[in-house]
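Below is one structure; the comments refer to it alone.
The values are calculated or read from the model by the stated rules, or taken from the named source; none is laboratory data. For clarity, every value in this text was computed on a predicted model and none was experimentally measured. Using ideal geometry, Cβ is built from the backbone for each residue, glycine included, and neighbour counts are taken over all protein chains shown. When the accessible area is computed, the model is the full protein with side chains, heavy atoms only, and any ligands, DNA or RNA have been set aside. Shrake-Rupley method; radii C 1.70, N 1.55, O 1.52, S 1.80 Å.
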Amino acid sequence: MSILNVDKLVKEYASKRNVVITKALNGIDLKVDAGEFVGIMGPSGSGKTTLLNILSGIDKATSGSIKISGQDIATMTKDKLALFRRKHLGFVFQEFNLLDSLTVKENIMLLMILDKSEFSDIEKKSDRIN
Ligand SMILES: Nc1ncnc2c1ncn2[C@@H]1O[C@H](COP(=O)(O)OP(=O)(O)O)[C@@H](O)[C@H]1O
Ligand SMILES: [Mg+2]
């Protein structure tokens, strides 16, 4: 089974007064199988960041479906999506989005603390980064 199944994905950005509409994604179909490594290439402005933001549930598509391990993230509520992201997705941001006041280790621990993991588990996992 594919781990990611994207069907007819469309993303339109509207300007403030809906005067200009940019179609950043124009009906993308994409399948990724377990164990595959995929690179997405294209010139600046071709929609790579938009695609990744939508595939990871950070941004919403205008239309189309995205199934990750069979679960449709396009129709999930905000809360369900937040939990899904926390449990199943890893994302390396272009801008790091780490908390400056925390160490790298503490930034890693934060996610597990939010997930109410056992403290001994948190220690064990975050120690691997040293
Ligand atoms: N938040 C936004 N509001 C309006 N237009 C946007 C926004 N983000 C991206 N775009 C437009 O969508 C298109 C795709 O951008 P982007 O996904 O950033 O491309 P890439 O990452 O490949 O450079 C571009 O035309 C860009 O100007
Ligand atoms: Mg980009």
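For LEU89 and GLU118, FRET efficiency with R0 = 30 Å and r from the beta-carbon atoms, rounded to 0.05?
After rounding, the FRET efficiency stands at 0.85.
Taking a label point 7 Å from the Cα of MET1 along the Cα→Cβ vector, which residues of the range 55-94 have an amide N closer than 13 Å to it?
Answer for the range 55-94: 67-72.
Can you give me the Cα centroid spacing of the range 22-38 and the range 67-98 in angstrom?
Answer, in whole Å: 16.
Rounded to the nearest 500, what is the chain's calculated 222 nm mean residue ellipticity when only DSSP H runs of at least 4 contribute -39500 (n - 2.57) each, over all residues?
-8500 deg cm²/dmol
Among all lysine pairs in the range 26-94 that are eight or more places apart or on different chains, how many have alpha carbons less than 20 angstrom apart?
Lysine pairs meeting the criterion: 12.
What's the carbon and sulfur percent of the range 23-130's accessible surface, probe 1.4 angstrom, rounded to a whole number?
Roughly 55 percent of what the probe reaches on the range 23-130 is carbon or sulfur.
How large is ³J(HN,Hα) for each residue in the range 31-42, as worked out from phi by the Karplus curve 6.51 cos²θ - 1.76 cosθ + 1.60 (θ = phi - 60°), to whole Hz, x for Gly and Pro?
Computed from phi, the couplings for the range 31-42 are 10, 10, 8, 4, x, 6, 10, 10, x, 10, 10, x Hz.
I'd like the accessible area for GLU118: 1.4 Å probe, protein heavy atoms, all chains in place, Å² to the nearest 10.
130 Å²
Keeping every protein chain present and rolling a 1.4 Å probe, give me the accessible area per residue for the chain in Å².
Dividing the accessible area of the chain by its residue count gives 75 Å².
For PHE96, PHE37, PHE91, what's the largest-to-smallest order of accessible area, 1.4 Å probe?
Ranked from most to least accessible, the order is PHE37, PHE96, PHE91.
So between SER15 and LEU111, what do we pick up on full extension, going 0.36 nm a residue minus the alpha carbon distance?
31.2 nm
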